[in-house]
Amino acid sequence: MSTVTVLRPPGPIQARIALPRSKSISNRALLMASLCGDLGLVSHLSDGDDTRVMHELLRNNPRVMDCGAGGTTFRFLLAWAAVREGEEHVLTGIPRLLERPHDDLINALRVVGADIERVPEGYRVRGRALKGGEVHFDSPISSQYLSALLMIAPRMKEGLTLRWTGTRLSEPFVHMTLKMLAHFGVYPRLELDGVRVDPGDYIPAPILVPPDWSSAAFWYEVVALAPGSNVLLEGLTNDTMQGDREAQHLWSPWVLTGFTPVGAQLTHREPHSVWDPVPRNLKHVPDLFQPLVFTLVALGQAAVLHGLDNLRVKETDRLRAVADAITRLGGVVAFADGAFAVKKGIDQRTPGTFSPDIDHRMALSLAPLALFLGSLTITDPAVVNKSYPSYWEDLRKAGFSVVFNG
């Protein structure tokens with residue numbers, strides 16, 4: 001079993017980090033560029049496994065498309081395959097990916113005319129011209145369902161009217177998709193409870209993928225837990241379609257964010273402000289939950305976070321996994337019905353070894369706790385390759401000792 005041990009830097013952190021590029025923008029841009037017939041339109045792609053796999057599958061167009069552990073890759077390619085007239089694909093991945101919820105998307109694709117069948121390997125998709133029409137989602141567990149449909153909507157004979165009612169989880173990701181449609185010459189019309197996309201053609205347009213705000217969150221965690229620290233995140237701007245830029249506000253009691261011509265400067269804030277006890281709704285930014293809650297427990301800040309309904313069905317059950325890790329470290333938390341309460345922070349004790357259980361964000365958000373604990377050991381260090389392959393090396397640049405075993 002391979003492990004990585006992360007040890008606290010000997011002094012204050014002063015670092016300059018080149019974040020990975022946005023996986024969310026990369027995967028959307030690749031799908032739209034493919035529908036334009038030119039993957040070369042997209043530059044500065046994410047080097048994470050999800051994007052690498054999606055790029056290879058779109059470029060090579062194999063009949064069997066193995067998406068590995070990538071939920072976004074799998075759902076987007078289901079929609080893409082549905083409009084590949086005259087082609088047949090089988091979409092598959094690791095067992096846990098196939099166990100994750102996809103039925104609402106598949107049923108919606110069938111409503112607009114897709115030919116999708118469950119087979120032992122995964123899902124067989126026979127591409128054809130889709131009629132389109134109207135689809136209604138009520139409190140979908142993933143915004144990826146909506147984005148997948150919207151991106152193929154211009155190829156539908158009648159276009160697509162998408163109704164979205166109830167709880168609107170991860171709404172900024174849908175707005176990201178709409179903005180990217182406009183970048184490629186498709187202009188959706190917002191309606192009272194949804195959006196309308198008329199049939200038409202994508203217009204090829206080059207797009208450069210920006211640095212990833214989701215990955216920036218782990219550096220906010222580092223700076224919050226490291227007095228005297230300054231970290232420059234190269235090229236990161238506030239002018240972005242990424243909803244996870246909300247990190248600058250969520251971490252503001254402990255981290256000052258300044259935007260410069262070369263990137264975002266994160267500076268540890270002393271003295272700390274007290275975390276506002278008012279419950280925070282993270283339904284628009286659920287990817288920030290793990291680094292934020294580990295920051296809170298390390299600083300001994302009580303909190304109530306909610307809007308986390310879909311974290312039970314990610315790569316792992318993130319609410320339970322985080323609660324288990326915090327309990328092992330002496331903290332006290334509770335969770336139910338998409339809410340998570342921190343009642344007591346962690347204390348310094350020998351933490352043992354943590355398994356991320358194939359969840360890249362667990363490994364990425366656990367590692368900064370070495371600043372509080374002195375050291376921390378995590379199994380399966382390669383799990384970070386899903387979104388942030390250079391993470392361990394970047395921690396070394398920031399002064400951490402990072403030791404691999406096995």
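Among the numbered criteria (1) of a type in the set (Gly, Ala, Ser); (2) crowded, with 22+ Cβ neighbours inside 10 Å; (3) in a loop (DSSP other than H, G, I, E, B), which one does residue 300 miss?
(2)
Do you know which residues across region 357-392 are assigned to a loop (DSSP other than H, G, I, E, B), closer than 22 Å to residue 97 by Cβ and over 16 Å from the mean Cα position of the chain (by Cα)?
Within region 357-392, 357, 380 meet the criteria.
Can you name the number of the only condition in (1) surrounded by fewer than 22 Cβ atoms within 10 Å (Cβ to Cβ); (2) touching a residue at least 60 places away in the same chain (Cβ under 8 Å); (3) within 20 Å of residue 29 (Cα to Cα) that residue 84 fails?
(2)
So, residue 329, is that one in contact (Cβ under 8 Å) with a residue 40 or more places away in the chain and touching a helix residue (DSSP H, G or I) at 6+ places or on another chain (Cβ under 6 Å) or not?
Answer is no for this residue.
Is it the case that some residue within region 345-353 is surrounded by 23 or more Cβ atoms within 10 Å (Cβ to Cβ) and under 26 Å from residue 277 (Cβ atoms)?
yes
I'd like the full set of residues that are of a type in the set (Phe, Trp, Tyr) and farther than 14 Å from residue 32 by Cα, limited to region 72-95.
Listed by number, the list holds a single entry, 74.
I'd like to verify a number: residues in region 94-148 that are outside any helix (DSSP H, G or I), of a type in the set (Gly, Ala, Ser) and either surrounded by fewer than 23 Cβ atoms within 10 Å (Cβ to Cβ) or modelled with pLDDT of 95 or more (or both), how many?
Final tally of qualifying residues: 8.
How many of the residues making up region 338-362 are among the acidic types (Asp, Glu) and touching a Leu at 6+ places or on another chain (Cβ under 9 Å)?
Residues that pass the stated criteria total 1.
Within region 268-288, take every residue that is hydrophobic (A, V, I, L, M, F, W, C) and modelled with pLDDT under 95 and give me the one that is nearest to residue 359 (Cα to Cα).
Residue satisfying both the conditions and the ranking: 285.
Is there a residue in region 78-87 that is among the acidic types (Asp, Glu), in the same structural domain as residue 187 (by TED's automatic domain parsing) and not in a strand (DSSP E or B)?
Yes, there is a match, as at least one residue in region 78-87 is among the acidic types (Asp, Glu), in the same structural domain as residue 187 (by TED's automatic domain parsing) and not in a strand (DSSP E or B).
The values are calculated or read from the model by the stated rules, or taken from the named source; none is laboratory data. Just so we're clear, the structure is a prediction, and the values are computed from it rather than from any experiment. Positions of Cβ are generated from backbone atoms using ideal geometry, with glycine treated the same way; all protein chains shown enter the neighbour counts.
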